[in-house]
Amino acid sequence: MLDIKNVKVYDLKESVIACRNAMRTTMPEYTDEEFEKSLPRAIKLVQASKNSDVKCHDNFLTGIRVSFDVTYPQYWSPEFQRYNFIDIVTSSSKMHRLKKMMIRQSTNKYVSPEVIYAAQKYVDRYNQILNDESIDTFEYYDTSSSESDTLISVKGRNEAVYAAFMVTLSNCPLGLELFMRVSTNYKQLQNIYKQRKNHRLKEDWGAFCKMIEELPYSKEFIIL
């Protein structure tokens, strides 16, 4: 399930101070005293955005950056990637780590033993073909027809390796877990929290929302 670690928050102080820039004539000093003076204004701007059709009052929140590592199941990432202001710094990859995977150690608790066994069998077979240059054939069932399955025999070294890889990749369960480093901001997290706090994927989005709740000034700036 979703596991979030190494959470870092950047430029919170500076962004809160900057929220008063529209009323200034000179550049601010980024001091603790200036932060305390600016905090009430920042909270008012967040509330103004909440209570208005104009949602840009709290745009200073985009300057408060949050970065973290997240381990996630395959079915979660398409929903996460719907958000525009999410930068995936770098991530693990099925393409690169597939042949090294031990499926049982790389899936969540909801993947059945039968699926784990079948997926590992494909990984092992792919490794066998990849490491034994004498193997130049590979067989698999084409299930694209709704009427019957067709046994396909692929001949040729390169073709066999490719077919074995594609069969292995295509049979990875959605419960397979990868990880990535992510960078986003408070404004985007405000939107995510509103949309996902009661989501059906309660273990995954629940863990994400809990991370949001534990961020500095989350109650004032994010959880509305």
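Each reported figure results from applying straightforward, stated rules to the coordinates on display, with no laboratory input. Quick caveat, the model's predicted, so the values are computed rather than measured. With ideal geometry, Cβ positions are generated from the backbone for all residues, glycine too; neighbour counts draw on all protein chains shown.
Counting every other Cβ atom within 10 Å of each residue's Cβ, 168, 184, 150 order from fewest to most as 150, 184, 168.
For residue 121, a cut-off of 20 angstrom between C-alpha atoms picks up these lysines, skipping any fewer than 8 places away in its own chain: 94, 99, 100, 109.
Per-residue packing, averaged as other Cβ atoms within 10 Å, sorts the ranges 25-31, 12-18, 92-98, 199-205 into the order 12-18, 199-205, 92-98, 25-31, beginning with the highest. Here the range 136-161 is scanned for amide nitrogen atoms under 19 Å from the site 7 Å beyond the Cα of residue 128 along Cα-to-Cβ, giving 136-142, 151-161. Quick one: go through the range 154-187 and flag any residue whose amide nitrogen is under 11 Å from the point 7 Å out along the Cα-to-Cβ line of residue 143. Of the residues in the range 154-187, 170-172 have backbone N under 11 Å from the label point off residue 143. Over the residues of the chain, the helix contribution to mean residue ellipticity at 222 nm works out to -12000 deg cm²/dmol, using -39500 (n - 2.57) for each DSSP H run of at least 4.
Taking the fewest neighbouring Cβ atoms within 10 Å as the starting point, the ordered list for 11, 3 is 3, 11. How far apart, in nm, are the 7 Å Cα→Cβ label points at residue 179 and residue 199? Modelled inter-label distance: 2.0 nm.
Pairs spanning more than 19 Å between alpha-carbon atoms, out of 187/219; 13/219; 50/202: 50/202.
Straight-line cross-link partners of residue 5 among the lysines, defined as a Cα under 17 Å from its Cα and at least 8 positions apart when in the same chain: 210.
In this Cβ point-charge picture (+1 for Lys and Arg, -1 for Asp and Glu), the range 144-213 has a dipole of about 520 debye about its Cα centre. Can you tell me the FRET efficiency between residue 104 and residue 10 if r is taken as the Cβ-Cβ distance and R0 is 41 Å, rounded to the nearest 0.05? According to the calculation, E is roughly 0.65.
Screening the chain for whole DSSP H helices with an alpha carbon extent of at least 18 angstrom along the helix axis and a mean Kyte-Doolittle hydropathy of at least 0.0 yields 157-170. In a fully extended conformation the segment linking residue 41 and residue 118 would gain 21.9 nm over its present Cα-Cα distance, using 0.36 nm per residue. Sorting 169-175, 186-192 by their mean Cβ neighbour count within 10 Å, with the most densely packed peptide first, gives 186-192, 169-175.
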